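Below you'll find the structure, written out as structure tokens, and then a few comments.
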Amino acid sequence: MAGEAADVPASARSVGPLRECIEMLGTTIKNREAELNMFRTRALVAGLAILLAFAVLVGRMVYLQILKRDYYHTLAEANRISVVPVVPNRGLILDRNNEVLAANTSAYTLEVTPSRIKNLDAVLDDLSNVIEIQPRDRRRFKRLLEESKNFESLPIRTRLTEEEVARFAVNRFRFPGFDVRARLFRNYPQGEIASHAIGYIGRINVADVKRIEANGLTANYKGTEHMGKQGVESSYESELHGSTGSEQVEIDAGGRAIRSLAKSAPTAGNNLRLTLDIKLQKIAEQAFDGRRGSLVAIEPSTGEILALVSKPGFDPNLFVDGIDPQNWDLLNTSLDKPLLNRALRGAYPPGSTIKPFLALGALESGKRTPQQSISDPGYFQLPGVAHRWNDDKVGGHGSVDMYKSIVASCDTYYYQLASETDIDKTAEFMRSLGFGTKTGIDIDGELEGVLPSRQWKENRFAKSASDVRKWYLGDSISTGIGQGYNAFTPMQLAHATATIANDGVPTRPHLVRSITDVSTGKIKSTAAAINASPPASLAIKPENIAVIKAAMAGVPKEGTSARAFINTGYVSAGKTGTAQVFGLKRGEKYNEARVIERLRDHAWYIAYAPADKPTIALAVMVENGGKGAQAAAPIARAVMDFYLLGKLPDVKKIKPAESDDESID
């Protein structure tokens, strides 16, 4: 092998490496050209991609900055500026003599701006060591927080004492985001007095929100936490609420308020002047002396409500900040039902107070004349029927004409009258006086009561179309003395009494006398609007009205309420009534002492005065009070004494006195 290598010429041996170098150099040159071509291709693709991306960016910029400029400018401004509602001051409620019944008082409130607090619960725990914060305060705050924007200032504690304000002021540096501010709160300076007439405000609930939305008032209730719930506060909510204003607030990216940019002032609610005489109202409520019942006093010529009593009452101040569970349970579960407006929603058998109206109907229909008499043996009995309907007076009243039937309250007279009168005719006449229908008073919640008739019994008791409920003569006889199916409200009886006092001309009862526009100062009377469509005028003969009025004037003079109206100094007219709550067994005699208190008879008295030119008409009902002459008539006298004479009542004379006189109704 070595010999063969040695035989190769030297020139041949030097050419081999050179060729290899040349081949390697050519390969290298070719690779660089390929790489350069690849680089150029990639650069072109990258350039095109950049141009495309730039075009997309430019296009997007054109879209956002030019085509959608207005839209996004609006959004940006909305994020920068927030419109905060400014709640108006609620209108005042005054009595007829301008004494304040509902006002707005300033009180200190501890408020927090949630957006400035990181760990709110922890801070509240720390704050509770300085100012008491109860669980109910936290629950209320969380509910408000859910309904509000986080930059709004929300109350965590209301009605701070001066001591609490001072303690917070010393520790203010520890609680950034918290501040003490003055806010207006609804206040009822009279407390329980006239609470059912005035009503109260309470926090807006889900049902309220639905009503607000349905009426298209959502914008006007922005920021409002309370609204009227009962009485005048509820029925005149649109007048009392006012118009909500607004404030433009600049906020930062974190939702914090920086400054106020503009403000549209709210318009305060209008002031209401009621027909109530709050001094008379106080006298009337005091006269009940802890007893349950109701009183309605009306000015007959105008329909103005002078007093509206429902006892027991409640303190409307309890509802302003949201009533606590303890007080709610006391009010809601009490057997005395303090939240029930007995004047409008209490339906009771009227007892003998119905007799003047039935007598008037008999005169109008020709069933009786004033002189026509019956013989009263102390009971009424239908021919061929063993059952007797007894009169209150054992042995009867002897010969009884219409005047005596009212003055002495003779049941037998009205048993016989009812047996001879078609119940539907009676119902038709009684409805014309306002019984069995709403009087139209300008607050909500009034009941229609029960005015029995054949059709009413069918509707009430028939279980099917084929179930015929016949009206029996015995049904009519019971209704003749205000028992049976009869059930009327004190408002209805007061209204009917006022109609008699006003010579048969009805007016519409109302509580609001005038409305003052706080913006213009103009005073608008509500009487014209309310009585623009009064109940239908009664086509009653004046001579028949005169007969009934003369008989009612005889009741306090020589009749069943004479003892309660001795030496009045004025002439009044009235009628007593005692309404049975539960039925006695046949032959059993009623003994009040043996009956538990809540099953005793209801006591009634209707009246008006002065008898010749009435300025006040009223109805008094004392639940389970016993006889009307003993329990209800003294209350009526106390009210009329004060209204007509300015005389304060003697408490001893108001309390019912014991009597063994069975004829007292």
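The values are calculated or read from the model by the stated rules, or taken from the named source; none is laboratory data. Keep in mind that what you see is a predicted model, and the values were worked out from it rather than measured. Note that each Cβ is placed from the backbone with ideal geometry, even for glycine, and that neighbours are counted across all protein chains shown. Just so you know, the surface numbers come from the protein's heavy atoms only, side chains and all, with ligands and any DNA or RNA stripped out. Shrake-Rupley method; radii C 1.70, N 1.55, O 1.52, S 1.80 Å.
Estimated from the Cβ-Cβ distance and a Förster radius of 60 angstrom, the FRET efficiency linking Q381 and E146 is about 0.25.
Taking label positions 7 Å along the Cα-Cβ direction at both R431 and N31, the computed distance is 11.5 nm, reported to one decimal. Extension gain, K438 to E558: 0.36 nm times the residue separation minus the Cα-Cα distance gives 39.8 nm. Just the protein heavy atoms count here, and of the accessible area of the chain at 1.4 Å, carbon and sulfur take up 54 percent. When exposed loop sites are taken as GluC sites (Glu not before Pro) in a DSSP loop with at most 14 other Cβ atoms within 10 Å, the longest stretch of the chain clear of them is 133-587.
For K118, the aspartates and glutamates whose Cα comes closer than 20 Å to its Cα, not counting residues fewer than 8 places off in the same chain, are D126, D137, E146, E147, E152, D179, D252. Remark: the F54-E420 segment gains 121.3 nm on full extension, using 0.36 nm per residue and subtracting the alpha carbon distance.
Working from the alpha-carbon coordinates of the chain, get Rg over Rh, Rh being the Kirkwood radius.
Reported Rg/Rh, Kirkwood definition of Rh: 1.38.
In order along segment 362-373, the phi-based Karplus estimate (6.51 cos²θ - 1.76 cosθ + 1.60, θ = phi - 60°) of 3J(HN,Hα) comes to 5, 5, 5, 7, x, 5, 9, 10, x, 8, 5, 10 Hz; Gly and Pro are listed as x. Take the residue pairs K229/K438; K367/K541; K210/K522 and return only those whose Cα atoms are more than 22 Å apart. Exceeds cut-off: K210/K522. In this label model, R388 and L184 are separated by 7.0 nm, measuring between points 7 Å along each Cα→Cβ vector. Calculate the FRET efficiency for R174 and S106 from the Cβ-Cβ distance with a Förster distance of 45 Å, rounded to the nearest 0.05. Working from the Cβ atoms, E equals 0.95. In this structure segment 82-274 gives 50 Å² per residue of accessible area when probed at 1.4 Å with all protein chains present. Would you please give the FRET efficiency between A43 and D70, computed as 1/(1 + (r/R0)^6) with r the Cβ-Cβ distance and R0 = 56 Å, to the nearest 0.05? In this case the efficiency is close to 0.85.
Average accessible surface for segment 319-401: 47 Å² per residue, computed with a 1.4 Å probe over protein heavy atoms with every protein chain in place. Against the empirical curve 2.2 N^0.38 Å, the C-alpha radius of gyration of segment 289-375 lands at a ratio of 1.68.
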